[in-house]
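Below: one structure in structure tokens.
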């Protein structure tokens, strides 16, 4: 069973387009969508486990040029 997360990303002005291009090139990114509001991009990640999600966020998302902040939401099933 895979793990999914939604990452809300705030970027510096003028950096959204480049960030979207980089994010969409990652095979674990299911979607990267520009949005209006408090955040600039919503990223949907999918990986084998929470550790891989954490590694993607810290090693790749947090390295985006112009990143201001992120908020990560881990998805889970309710049965």
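Counting pairs of Cα atoms in segment 3-74, how many percent are more than 19 Å apart?
Numbers: 556 of 2556 pairs.
Of all Cα-Cα pairs in segment 3-74, 22 percent lie more than 19 Å apart.
Of the peptides 68-79, 34-45, how do they stack up when ordered by the mean number of other Cβ atoms within 10 Å, highest first?
Ranking, from highest mean packing down: 34-45, 68-79.
On to the next question. Roughly what angle does helix 50-59 make with the longest principal axis of the chain, taking Cα atoms, 0 to 90 degrees, to the nearest 10?
Between the helix axis and the principal axis of the chain, the angle is about 20 degrees.
Under a plain spin-label model, where a point goes 7 Å from the Cα along Cα-to-Cβ, how far apart in nm are residue 62 and residue 35?
2.2 nm
Assuming 0.36 nm per residue, please report the length gained on full extension of the stretch residue 79 to residue 17 beyond their Cα-Cα distance.
18.5 nm
What does the helix-only formula give at 222 nm for the chain: each DSSP H stretch with n ≥ 4 adding -39500 (n - 2.57), the total divided by the residues, and the result rounded to the nearest 500 deg cm²/dmol? Could you put the intermediate results ahead of the total?
On the way: 2 runs with 19 residues, N = 79.
Computed ellipticity for the chain at 222 nm equals -7000 deg cm²/dmol.
Rule-based calculations on the coordinates, nothing more; no lab input. Note that the structure is a prediction, hence the values are computed from the model and not measured. Every residue, glycine among them, receives a Cβ derived from its backbone with ideal geometry; neighbour counts consider all protein chains shown.
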